[in-house]
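Report on one structure; see the data block that follows.
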């Protein structure tokens with residue numbers, strides 16, 4: 001099946017687009033699911049529009065291949081899934097506080113994260129019926145939740161509030177993608193200490209979850225009752241040490257078309273501020289994609305693209321809607337030919353990890369950066 005997630009019709013792929021490989025996505029979910037303990041549930045994290053892959057599409061494929069939970073960052077993201085008739089339990093990972101947010105959570109049958117006594121009180125006072133809630137404890141991320149030393153007190157406080165049904169206790173790993181696991185183990189010990197204190201107060205043990213993609217791939221000792229899998233589901237490794245653990249396939253490819261081909265003489269500058277100067281006559285091809293679409297401007301003069309299975313260099317400053325390449329090695333290049341920016345063509349491949357390394361960021365930011373004016377084309 002080939003379909004357009006947006007902008008149907010012949011205009012969808014006239015300039016630039018993102019290919020989403022549904023078979024790769026399904027394969028990744030199945031491969032990751034096989035890594036889990038039998039009692040461990042799989043949460044597909046589809047926040048940020050499924051890391052740029054399309055939240056509704058990703059959610060459906062993930063649920064069809066072994067996931068039973070979905071994770072989002074915001075209420076609006078959860079509502080989008082409900083409006084698409086997705087009925088799986090959805091955890092809102094971000095903090096929510098206002099009466100309007102609580103009403104929306106109830107109406108759309110979402111499950112909130114509670115991270116402070118004040119927030120828990122607000123929820124309890126507004127609810128008319130019991131609501132499953134998930135309690136975040138800070139074991140070392142220094143983000144949401146009370147510090148782990150106050151974690152048991154917070155959980156005991158919430159357990160006494162009416163209308164709040166504690167569905168899980170969880171924390172988030174700060175360094176799970178590092179080869180050094182010492183701090184991850186410290187976080188695990190802190191969460192276990194919280195759980196021990198909670199059980200000493202005769203509070204029934206709720207479900208427990210700690211692992212993101214990196215934690216999940218580290219080993220079953222981090223799986224508990226649930227794992228929250230984001231990056232790995234999209235075929236990207238949280239760190240090189242995980243590549244031997246599971247065979248993941250990148251789900252996203254980014255494509256664009258050549259929009260003009262010209263020859264420039266030696267001494268010509270290319271693009272804004274002439275950051276590239278031709279030292280000989282060059283065939284320059286303009287490609288219809290730029291930083292407004294999600295190609296980092298900091299890749300200017302540092303990236304390559306693939307045409308006809310061959311890697312060629314990008315030259316000059318990447319502009320808002322276009323970039324230029326040195327196509328001198330490609331005879332008779334024509335307007336309309338397809339350029340691969342991310343993905344594989346023949347034996348040549350360019351990965352989001354490679355871009356991230358070049359510009360000093362992480363692959364998460366690369367794939368999340370491709371804007372909605374690039375249609376998502378679904379391939380199966």
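Quick grid of which residues meet (1) part of a loop (DSSP other than H, G, I, E, B); (2) within 30 Å of residue 241 (Cβ to Cβ); (3) touching a strand residue (DSSP E or B) at 6+ places or on another chain (Cβ under 6 Å); (4) assigned by TED's automatic domain parsing to the domain that holds residue 230:
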position: 94; (1), (2), (3), (4): no, yes, no, yes
position: 104; (1), (2), (3), (4): no, no, no, yes
position: 112; (1), (2), (3), (4): no, no, yes, yes
position: 128; (1), (2), (3), (4): yes, no, no, yes
position: 143; (1), (2), (3), (4): yes, yes, no, yes
position: 150; (1), (2), (3), (4): no, no, no, yes
position: 155; (1), (2), (3), (4): no, no, yes, yes
position: 168; (1), (2), (3), (4): no, yes, yes, yes
position: 180; (1), (2), (3), (4): yes, yes, no, yes
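Residues are listed down the side, and each one gets a yes or a no for (1) outside any loop (DSSP other than H, G, I, E, B); (2) outside the structural domain of residue 279 (by TED's automatic domain parsing); (3) free of Cβ contacts under 8 Å to residues at least 24 places away in the same chain; (4) closer than 17 Å to residue 236 by Cβ:
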| residue | (1), (2), (3), (4) |
| --- | --- |
| 305 | yes, no, no, no |
| 313 | yes, no, yes, no |
| 328 | no, no, no, no |
| 334 | no, no, no, no |
| 367 | yes, no, no, yes |
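Residue check: is residue 181 farther than 30 Å from residue 79 by Cβ and touching a helix residue (DSSP H, G or I) at 6+ places or on another chain (Cβ under 7 Å)?
On the way: farther than 30 Å from residue 79 by Cβ: yes; touching a helix residue (DSSP H, G or I) at 6+ places or on another chain (Cβ under 7 Å): yes.
Criteria met by residue 181.
Being surrounded by fewer than 17 Cβ atoms within 10 Å (Cβ to Cβ), more than 29 Å from residue 143 (Cα to Cα) and under 29 Å from the mean Cα position of the chain (by Cα) is the requirement here; does residue 221 meet it?
Details: surrounded by fewer than 17 Cβ atoms within 10 Å (Cβ to Cβ): yes; more than 29 Å from residue 143 (Cα to Cα): no; under 29 Å from the mean Cα position of the chain (by Cα): yes.
Considered against the rule, which asks whether it is surrounded by fewer than 17 Cβ atoms within 10 Å (Cβ to Cβ), more than 29 Å from residue 143 (Cα to Cα) and under 29 Å from the mean Cα position of the chain (by Cα), residue 221 comes out as no.
Looking only at segment 114-126, how many residues end up being out of contact with any helix residue (DSSP H, G or I) (no Cβ under 8 Å at 6 or more places or on another chain) and either in a helix (DSSP H, G or I) or not assigned by TED's automatic domain parsing to the domain that holds residue 87 (or both)?
Result for segment 114-126: 5.
Conditions first: (1) at pLDDT 95 or above; (2) not in a loop (DSSP other than H, G, I, E, B). Residue 66 passes all but one, so which condition is the exception?
Of (1) at pLDDT 95 or above; (2) not in a loop (DSSP other than H, G, I, E, B), only one is false for residue 66: (2).
Tell me which residues, restricted to segment 42-63, are under 22 Å from residue 210 (Cβ atoms) and assigned to a helix (DSSP H, G or I). Spell out the reasoning first.
Looking only at segment 42-63, we keep the residues that are under 22 Å from residue 210 (Cβ atoms), and these are 42-48, 51, 62.
Residues satisfying the conditions are 47, 48, 51, 62.
The values are calculated or read from the model by the stated rules, or taken from the named source; none is laboratory data. What you see is a predicted model, and the numbers here were worked out from it, not measured in a lab. We place every Cβ from the backbone using ideal geometry, glycine too, and count neighbours over all the protein chains shown.
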